[in-house]
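The values are calculated or read from the model by the stated rules, or taken from the named source; none is laboratory data. A quick note: this is a predicted structure, and the numbers were derived from the prediction, not measured. So basically every Cβ, Gly included, is an ideal-geometry build from the backbone, and we count neighbours across all protein chains shown.
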Amino acid sequence: MVWRMKEKSGHRDLWIALGLLSLFLGIFWISCSGGGGGGGGTSSGPDNAARLLRWTAPIQFADGGALDPAKDLSAYEVFINESGTFLPTDTPRAVTPAVEASSGNPTTSFDLAKVSPPLQVGKTYFLTMRTVEKNGGKSAIALPAVRFVY
């Protein structure tokens, strides 16, 4: 699959080879540290656990051209809802830079505890993402969405 990204007028349409698709093909995972042991109620339980969304940054446009997240992308938009239906006009629940400011490396994870409004522990959600180019173009929302229990 690919995500379609449009450049501003005067430029051809771009397609990003969905390196990010690996998010939906097995690289995606949400980890819950501190959650074993069957209990609840302790300060180290699931309410305080890190829940990381991980992906592989895209490195290639669909036409085979090299994609450099630092040069070509500005952000990733994270969409989460309970229905699994996502529209291009939806507002993302979170936005994370395409490149980590501290290291200059491509961003490949996001702590879901930073989502606003906060997710509820034990509730089922659907998640998808899209990329945002530096020129403002946005990819299509990647589908199918991933179902997970927070």
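Once the range 64-78 is narrowed to residues that are closer than 17 Å to Asn135 by Cβ and not hydrophobic (A, V, I, L, M, F, W, C), the residue that is farthest from the chain's Cα centre (by Cα) is Gly65. Lys71 - would you say it is modelled with pLDDT under 95 and either farther than 18 Å from Arg54 by Cβ or of a type in the set (Val, Ile, Thr) (or both)? So Lys71 passes the test. Filtering the range 104-150 to residues that are part of a loop (DSSP other than H, G, I, E, B), among the hydroxyl-bearing types (Ser, Thr, Tyr) and closer than 12 Å to Ile80 by Cα leaves Ser116, Tyr150.
To keep it simple, each residue is scored yes or no on (1) in contact (Cβ under 8 Å) with a residue 12 or more places away in the chain; (2) surrounded by 13 or more Cβ atoms within 10 Å (Cβ to Cβ); (3) part of a loop (DSSP other than H, G, I, E, B).
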residue: Thr56; (1), (2), (3): yes, yes, yes
residue: Lys71; (1), (2), (3): yes, no, no
residue: Ala75; (1), (2), (3): yes, yes, no
residue: Val78; (1), (2), (3): yes, yes, no
residue: Ser83; (1), (2), (3): yes, no, yes
residue: Pro92; (1), (2), (3): yes, yes, yes
residue: Thr96; (1), (2), (3): yes, yes, no
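Residue-level check: of (1) at pLDDT 90 or above; (2) buried (at least 18 other Cβ atoms within 10 Å of the Cβ); (3) in contact with a helix residue (DSSP H, G or I) (Cβ under 9 Å, 6 or more places away or on another chain); (4) of a type in the set (A, V, I, L, M, F, W, C), Ala113 misses just (2). Could you check the range 132-144 and list, in sequence order, the residues that are at pLDDT 90 or above and touching a helix residue (DSSP H, G or I) at 6+ places or on another chain (Cβ under 8 Å)? Hit for the range 132-144 is Lys134, nothing else.
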